[in-house]
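The values are calculated or read from the model by the stated rules, or taken from the named source; none is laboratory data. Source: prediction; values computed, not measured. FYI the Cβ positions are ideal-geometry reconstructions off the backbone, even for glycines, and counts take in every protein chain you see. Side chains are part of the model used for accessible areas, which takes the heavy atoms of the whole protein and leaves out ligands, DNA and RNA. Shrake-Rupley method; radii C 1.70, N 1.55, O 1.52, S 1.80 Å.
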Amino acid sequence: ERIEQLGRHEKSRLPQDMDYGVVHGLSTEAGPELSDIRPRTIGQAGRIPGVSPADLGVLLIHLKSRSARQ
């Protein structure tokens, strides 16, 4: 189920100015990888070695709360 949900978010865009250091819940390995590579979409982020499906879920939650604040 979780993988199917993430598949629906494949093209969800990630802000290029996102500070991955403040995203709580990312694995120790995922934060630096995302900061270095700066993927444009959740789909691209999911193909980075060291970024797990759980990390993608954390990113989606962060994006949702970020857009609710704006």
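How much accessible area does Ser65 have with a 1.4 Å probe, in Å² rounded to the nearest 10? Accessible surface of Ser65 is approximately 50 Å². Dividing the helix sum by the residues of the chain, where each DSSP H run of 4 or more adds -39500 (n - 2.57), gives a mean residue ellipticity at 222 nm of -15000 deg cm²/dmol. For the chain, just say rounded, prolate or oblate: build the C-alpha gyration tensor, square-root its eigenvalues into a ≥ b ≥ c, call rounded for a/c under 1.5, and beyond that prolate if a/b exceeds b/c, oblate if not. Verdict is rounded for the chain. With protein chains left intact and a 1.4 Å probe, residues in the chain average 67 Å² of accessible area per residue. Taking the 1.4 Å solvent-accessible surface of segment 19-69 as the whole, the part contributed by carbon and sulfur is 55%.
The relative contact order of the chain, computed from alpha carbon pairs under 8 Å that lie at least 6 residues apart in sequence, is 36 percent.
Close amide-amide hydrogen proximity is noted between Thr41 and Leu14, each under 5 Å apart and 5 or more residues distant or on a separate chain (H modeled in the peptide plane; Pro and chain starts excluded).
Other residues lying with their Cβ under 9 Å from the Cβ of Pro49 contribute a combined charge of -1, Lys and Arg counting +1, Asp and Glu -1.
Phi angles across segment 34-51 convert, under the Karplus curve 6.51 cos²θ - 1.76 cosθ + 1.60 with θ = phi - 60°, into 3J(HN,Hα) values of 5, 5, 6, 7, 6, x, 8, 9, 4, x, 5, 4, x, 9, 7, x, x, 9 Hz, Gly and Pro given as x.
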